[in-house]
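K.L.:
The structure under discussion is supplied below as structure tokens; questions concerning it will follow.
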Amino acid sequence: MTISARAAERLRSGHVWVFKSDVVSGGGSPAGAVVDVADERGRPLGTALYSNSSVIALRLVSREPLAAAEVVGRLVAERLRAAIAYRERLVRSTDAYRIAFSEADGLPGLIVDRYNDLLALQVTTQAFDREELRGAVVRELVRVPGPRAIFERVDARIRALEQLPPLHDRLIWPAAERETSAAEAANPKTIFSLSGVRFRFDALAGQKTGAFLDQRENYAALERYARGTALDCFCYQGGFALHLARACQSVTGVDSSRPALEIAGQNAQLNSREIEWIEANAFDLLKDYAAARRQYDTIVLDPPAFAKSRASVPTALRGYKELNLRALKMLGRGGILATCSCSHHVSEADFVAMLASAAADSGRVVRVLEHRGAALDHPAIATIPETSYLKCLICCVS
Ligand code: SAH
């Protein structure tokens with residue numbers, strides 16, 4: 001497949017994406033094909049996975065020209081083994097972490113999370129949806145880390161974008177007909193732990209993911225500073241709140257999703273913790289609490305991605321500022337704020353500038369104690385900026 005000079009430059013600078021508009025010829029390949037990529041002068045640039053529906057038409061998997069059989073038969077297994085070895089080296093204090101993270105592990109379109117004895121696999125490109133690639137992935141995962149079962153988690157929106165047939169969350173290994181003990185092995189429930197805090201996971205429960213594993217190290221980091229009364233806004237299943245409960249006198253978690261709060265409640269029970277869970281719109285709750293002059297010693301803000309595109313960045317920054325300003329007003333002297341953004345369109349610099357502006361408006365002095373990102377099992381590749389998406393600033397407010 002031939003690509004424009006601009007796209008070739010992008011690949012040479014270490015990125016792996018080619019946009020549809022940069023494909024000059026060869027765009028008629030089958031969905032999910034393994035293709036050779038070259039610039040307009042015919043110079044080879046490597047091997048890529050093709051999508052005929054995504055705006056990202058090509059995702060480079062190798063800078064060498066490889067046959068499709070080599071990608072399926074060798075490259076995917078090698079990449080998975082490297083990804084697993086990387087986690088073995090760097091991941092500590094948990095039995096739940098991301099084993100493979102798409103482009104960040106040279107496996108564009110494949111996400112695999114480990115939750116104790118279960119694996120949750122997600123496919124986000126046409127190529128990884130093909131049976132040959134699925135087979136190669138499962139063969140490797142079954143060897144190491146040797147799970148009890150592998151489940152597929154489905155993001156219906158992504159499958160629709162990739163024009164893939166709809167699927168439901170399902171067991172993919174062991175296959176029922178091959179294993180006599182399959183029914184037992186296939187129990188979709190397990191318990192995993194992050195830094196000693198226990199969480200329930202149900203691979204077939206319909207929530208998008210089991211946990212936000214990328215925040216794991218940030219939970220532990222915040223716990224070191226947290227104290228007094230704590231408010232966890234956008235708490236989901238209680239990741240921050242449960243860690244805060246080990247350091248604070250009282251903890252309140254707020255989320256607009258009732259199913260998420262139900263699991264948060266079960267997680268609190270599992271850890272014998274008393275936490276107050278409030279189902280509310282966090283924007284409204286912060287507004288009401290700020291007006292009522294409520295004070296907290298520790299506040300967490302971890303909203304969903306507000307900026308889904310570059311165009312929505314200014315609106316997103318206004319949303320972040322509103323939240324942060326209210327939180328700053330509610331923090332007592334010496335209070336701790338953990339403020340996060342998981343949208344890669346909002347840069348670290350934009351996010352810090354937003355916080356500065358909220359600090360100025362609130363008249364508070366904000367000391368940034370730690371600039372943090374995603375946990376180490378979500379690698380940030382220097383040449384692929386989209387892989388550094390999560391920002392978490394831990395601050396002391398006076
Ligand atoms: N802090 C969580 C992850 C948060 S994900 C963790 O570490 O596990 C974002 C959460 O925000 C989701 O649970 C979603 O239900 C919730 N949410 C989205 N919009 C909201 C709103 N306006 N008010 C409160 N919660 C909201």
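The values are calculated or read from the model by the stated rules, or taken from the named source; none is laboratory data. Quick caveat: nothing in here was measured; it's all calculated off a predicted structure. Glycine also receives a Cβ, built like all others from the backbone with ideal geometry; neighbour counts cover every protein chain displayed. The area values use the complete protein model at the heavy-atom level, side chains included, leaving out ligands, DNA and RNA. Shrake-Rupley method; radii C 1.70, N 1.55, O 1.52, S 1.80 Å.
K.L.:
Might you report the magnitude of the Cβ-based charge dipole of the range 2-66 about its Cα centre, with Lys and Arg at +1 and Asp and Glu at -1, to the nearest 20 debye?
P.N.:
Here the range 2-66 has a charge dipole of around 120 debye.
K.L.:
Right, another one. Once fully extended, how much extra length lies between Glu262 and Arg63, figured as 0.36 nm per residue of separation less the alpha-carbon to alpha-carbon distance?
P.N.:
Working: separation 199, 0.36 × 199 = 71.64 nm, distance 4.71 nm.
Roughly 66.9 nm would be gained on extension.
K.L.:
Would you mind getting me the FRET efficiency between Val352 and Ala380? Use the beta-carbon distance for r and R0 = 22 Å, nearest 0.05.
P.N.:
Values: r = 17 Å, r/R0 = 0.77.
The formula returns an efficiency of 0.80 here.
K.L.:
Right, something else. Provide the net charge surrounding Gln295, with neighbours chosen by a C-beta distance below 10 Å and charges set as Lys +1, Arg +1, Asp -1, Glu -1. Intermediate values should be presented prior to the final figure.
P.N.:
Values: positive: Arg293, Arg294, Lys329, Arg333; negative: Asp297.
Within the 10 Å Cβ shell, the charges total +3.
K.L.:
Gaussian network model of the chain, Cα springs within a sub-10 Å range: biggest mean-square fluctuation belongs to which of Ile278, Ile99, Ile150?
P.N.:
Highest fluctuation of the listed residues: Ile278.
K.L.:
By how many nm would the segment from Glu370 to Lys308 grow when fully extended, if each residue of separation counts as 0.36 nm and the alpha-carbon distance is taken off?
P.N.:
19.8 nm
K.L.:
Now for a separate question. Can you work out D for the range 212-397 in µm² s⁻¹ from Stokes-Einstein, where Rh is the Kirkwood radius over C-alpha pairs, the temperature is 10 °C and the viscosity is 1.306 mPa s?
P.N.:
It comes out at roughly 97 µm²/s.
K.L.:
Which whole-number percentage describes the relative contact order of the range 162-317, with Cα contacts under 8 Å and a sequence gap of 6 or more?
P.N.:
Dividing the mean separation by the residue count of the range 162-317 yields 19 percent.
K.L.:
Between the range 286-306 and the range 48-94, what's the alpha-carbon centroid distance in Å?
P.N.:
41 Å
K.L.:
Amide H to amide H under 5 Å from Leu331: which residues, 5+ apart in sequence or cross-chain, H placed 1.01 Å off N in plane?
P.N.:
Here Tyr296 satisfy the definition.
K.L.:
Over the Cα atoms, compute the radius of gyration (one decimal) and Dmax (the largest Cα-Cα distance, rounded to a whole number) for the range 30-187, in Å.
P.N.:
Computed over the Cα atoms of the range 30-187, radius of gyration and Dmax are 16.3, 57 Å.
K.L.:
While we're looking at this one, here's another question. Where only protein heavy atoms count, and the probe is 1.4 Å, what is the accessible area per residue for the range 2-66 in Å²?
P.N.:
Result: 46 Å² of accessible area for each residue.
K.L.:
Decide, for the chain, between rounded, prolate and oblate: order the square roots of the alpha carbon gyration tensor eigenvalues as a ≥ b ≥ c, take rounded if a/c falls under 1.5, and otherwise choose prolate if a/b is larger than b/c, else oblate.
P.N.:
Since a/c reaches 1.5 but b/c is at least a/b, the shape of the chain is classed as oblate.
K.L.:
Can you give the relative contact order of the chain as a percent, counting alpha carbon pairs under 8 Å and 6+ residues apart?
P.N.:
Dividing the mean separation by the residue count of the chain yields 11 percent.
K.L.:
Then there's this: Tell me the net charge near Pro166. Cut-off is 13 Å between Cβ atoms, Pro166 excluded, with +1 for each Lys or Arg and -1 for each Asp or Glu. Each step should come with its number before you reach the end.
P.N.:
Details: positive: Arg157, Arg159, Arg170; negative: Asp129, Glu152, Asp155, Glu162, Asp169.
Spelling it out: positives minus negatives among the neighbours equals -2.
K.L.:
Count the DSSP beta bridges whose two residues both fall in the chain, then state the antiparallel fraction as a percent rounded to the nearest 5.
P.N.:
70 percent
K.L.:
Next question, about the same structure. For the chain, find the longest principal axis of its Cα atoms and tell me its angle to the long axis of helix 348-362, 0 to 90°, nearest 10.
P.N.:
Relative to the chain, helix 348-362 is tipped by roughly 20 degrees.
K.L.:
Same structure, new question: Once ligands and nucleic acids are excluded and a 1.4 Å probe is used, how much of Thr2 is accessible, expressed in Å² to the nearest 10?
P.N.:
Here the residue's solvent-accessible area equals roughly 30 Å².
K.L.:
Taking the 0 to 90 degree range and rounding to the nearest ten, how far is the long axis of helix 282-291 tilted relative to the main principal axis of the chain, both from C-alpha atoms?
P.N.:
20 degrees
K.L.:
Additional query: Count the lysine pairs in the chain whose Cα atoms lie under 19 Å apart, taking only pairs 8 or more positions apart in sequence or on different chains. Mind showing how you got there, number by number?
P.N.:
Values: Lys189/Lys208; Lys208/Lys308; Lys287/Lys321; Lys287/Lys329; Lys308/Lys321; Lys308/Lys391; Lys321/Lys329; Lys321/Lys391.
The result is 8.
K.L.:
I've got another one for you. Please get the size of the charge dipole for the range 212-397, origin at its Cα centre, with Cβ charges of +1 on Lys and Arg and -1 on Asp and Glu, quoted in debye to the nearest 20.
P.N.:
560 debye
K.L.:
In Å², and per residue, what accessible area does the range 69-189 have when probed at 1.4 Å with the other protein chains present?
P.N.:
Result: 46 Å² per residue.
K.L.:
Which one of Ala264, Ala96, Ala175 has the biggest mean-square fluctuation once the chain is modelled by GNM with Cα springs under 10 Å?
P.N.:
With Cα springs under 10 Å in the chain, the top fluctuation among Ala264, Ala96, Ala175 is at Ala175.
K.L.:
Of the heavy-atom accessible surface of the chain (probe 1.4 angstrom), what whole percent is carbon and sulfur? Provide the component values of the computation, followed by the final result.
P.N.:
On the way: 9000 of 17410 Å².
With neighbouring chains kept in place, the figure for the chain is 52 percent.
K.L.:
Considering amide H positions built from the backbone, and no H for Pro or chain starts, which residues 5 or more places from Asp232, or on another chain, come under 5 Å of its amide H?
P.N.:
Amide H neighbours of Asp232, under 5 Å, 5+ apart: Thr252, Gly253, Val254, Val300.
K.L.:
May I pose another question? Under 10 Å, Cα contacts only: if you run a Gaussian network model on the chain, which one of Asp39, Asp105, Asp113 comes out with the highest mean-square fluctuation?
P.N.:
Checking each option, the largest mean-square fluctuation is seen for Asp39.
K.L.:
Would the range 2-66 count as rounded, prolate or oblate if I go by the C-alpha gyration tensor, calling it rounded below 1.5 in a/c and otherwise prolate when a/b exceeds b/c, oblate otherwise?
P.N.:
Cα axes put the range 2-66 in the rounded bin.
K.L.:
Dipole magnitude of the range 296-364 about its Cα centre, charges +1 at Lys/Arg Cβ and -1 at Asp/Glu Cβ only, in debye to the nearest 20?
P.N.:
The calculated dipole for the range 296-364 is roughly 160 debye.
K.L.:
Is the range 309-398 best put as rounded, prolate or oblate by its Cα gyration tensor, with a ≥ b ≥ c the root eigenvalues, rounded for a/c under 1.5, and otherwise prolate when a/b is larger than b/c, oblate when not? The partial results should precede the final answer.
P.N.:
Details: a/c = 2.74, a/b = 1.52, b/c = 1.81.
Here the range 309-398 falls in the oblate category.
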